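What follows is a short report on a single structure.
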Amino acid sequence: MNRVQVTPRSYPTNLIDKDWGNRKLFYTKDSENFLRLVHDMKLRDDDVWIVTLPKCGTTWMQELLWLLLNNCDFEGALAKDQELRTPFLEFGYSVFHDPNRSFGPIEDLKSPRLIKSHLSLALLPSKLWEGKNKVIYVSRNPLDSYVSRYYHGVSFGFNYGKSLHQYFDEVLASDDFPTEFIEHAHEFYQLRNEPWVFYTSFEMMKKDLRGVINDVSRFLNKPINDQQMEKLLKHLSFAEMKKNPTTNHLWELAQVQHENAGKEMHPFVRRGDVNGYKDELKPEQIEKANVRIQEVLAKNGVTLDELLLLKDQ
């Protein structure tokens, strides 16, 4: 999939004061019309959005949000693929190059809609910048995210026949590593105190899932009782998520038309570790990546611990 630099129709200058002209944004080639449609997308007042980069705890948080928005309907969650309950905005376009396959499933949803996106702040619907809709953002250590992306890409065919080390060498050679990753998270981090934004991290969810559930339920004004909390903790546990067919993206895999899709399968919910990259990447790859990560963090005036909420705020 060819990625090129893109320029949005406008920038969220009302939210963040920065030199947006130097903010490099990337998306697939020939996507101008799709991005225009996203920019102008009409929203409902009670729409809720989950925004992340890939493999940052999106599915985990998505399941929690859907359950909170649907009165902890565990039977309903287990009866329908997550992708059908809470569509991924870019999926239909990225797979079929058809905007209708992206917007149609969202338009057909009953309110309140839960919508997933990996787009950066400046490429999301401009209506979101008005602060009338709830947005949940989840960050993650970029090295863990990229390792997880590799295995996901093997299952979906894109990385089939390529080793993790080969894949990560390509990541290190790319022009937008790790700038795009860090700026994507940092822009939402700067909005973390806005009443319409809930910012957390995969690491925080691993550290204190109960606390995150309580915080999100208050953010959405969806209170839960003790019994519902215990059911949520079990349903959202790694063991339950890993064996749950509705949260392992089997529906999405069936849609992907790559010739190598499914030839080598890895569970979507694979390890779920914090800092698991340390025993999967080569030490020299980690060292090289960390040098570049620190450079970009310094340019943005933020630390990785801050972005992951591992430092007292």
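If you go through the range 10-22, how many residues are at pLDDT below 95 and either among the acidic types (Asp, Glu) or assigned to a loop (DSSP other than H, G, I, E, B) (or both)?
Of the residues in the range 10-22, 3 are at pLDDT below 95 and either among the acidic types (Asp, Glu) or assigned to a loop (DSSP other than H, G, I, E, B) (or both).
Within the range 213-226, is even one residue open to solvent by 50 Å² or more (accessible area, probe 1.4 Å), among the hydrophobic types (A, V, I, L, M, F, W, C) and farther than 19 Å from residue 296 by Cβ?
Residues of the range 213-226 that are open to solvent by 50 Å² or more (accessible area, probe 1.4 Å), as a first pass: 214-215, 218, 221-223, 225-226.
With among the hydrophobic types (A, V, I, L, M, F, W, C) added as a condition, the list becomes none.
The answer is no, given that none of the residues of the range 213-226 is open to solvent by 50 Å² or more (accessible area, probe 1.4 Å), among the hydrophobic types (A, V, I, L, M, F, W, C) and farther than 19 Å from residue 296 by Cβ.
Write out, first by first residue and then by second, each pair whose Cβ atoms fall under 6 Å of each other, whose residues are 6+ apart or on separate chains, and whose first residue, in the range 58-82, is closer than 19 Å to residue 205 by Cα while the second is polar (S, T, N, Q).
So the pair list comes out as 58/52; 59/247; 62/86; 63/247; 66/86; 68/217; 72/228.
Within the set of pairs 6 or more residues apart or between chains, which connect a residue that is part of a strand (DSSP E or B) inside the range 89-116 to a residue that is at pLDDT 95 or above and open to solvent by 50 Å² or more (accessible area, probe 1.4 Å) with Cβ atoms less than 9 Å apart?
Correct list of pairs: 114/70.
Report every pair of residues separated by at least 6 positions or lying on different chains whose Cβ atoms are under 7 Å apart, first residue within the range 291-313 and surrounded by fewer than 12 Cβ atoms within 10 Å (Cβ to Cβ), second in a helix (DSSP H, G or I).
Listed by first residue and then by second, the contacts come to 311/305.
Looking only at the range 81-105, count how many residues are open to solvent by 40 Å² or more (accessible area, probe 1.4 Å) and in contact with a Leu (Cβ under 9 Å, 6 or more places away or on another chain).
Count: 2.
Out of 210, 140, 218, I need the residue that is in contact with a Ser or Thr (Cβ under 7 Å, 6 or more places away or on another chain) and either on the phi > 0 side of the Ramachandran plot or of a type in the set (Lys, Arg) (or both). Which one?
Values: 210 fails: in contact with a Ser or Thr (Cβ under 7 Å, 6 or more places away or on another chain); 218 fails: in contact with a Ser or Thr (Cβ under 7 Å, 6 or more places away or on another chain).
Answer to the selection: 140.
The values are calculated or read from the model by the stated rules, or taken from the named source; none is laboratory data. Computed from a predicted model, the values in this text were never measured in an experiment. Note: ideal-geometry Cβ built from the backbone for every residue, glycine included; neighbour counts use all protein chains shown. Side chains included, ligands, DNA and RNA excluded: accessible areas come from the protein's heavy atoms. Shrake-Rupley method; radii C 1.70, N 1.55, O 1.52, S 1.80 Å.
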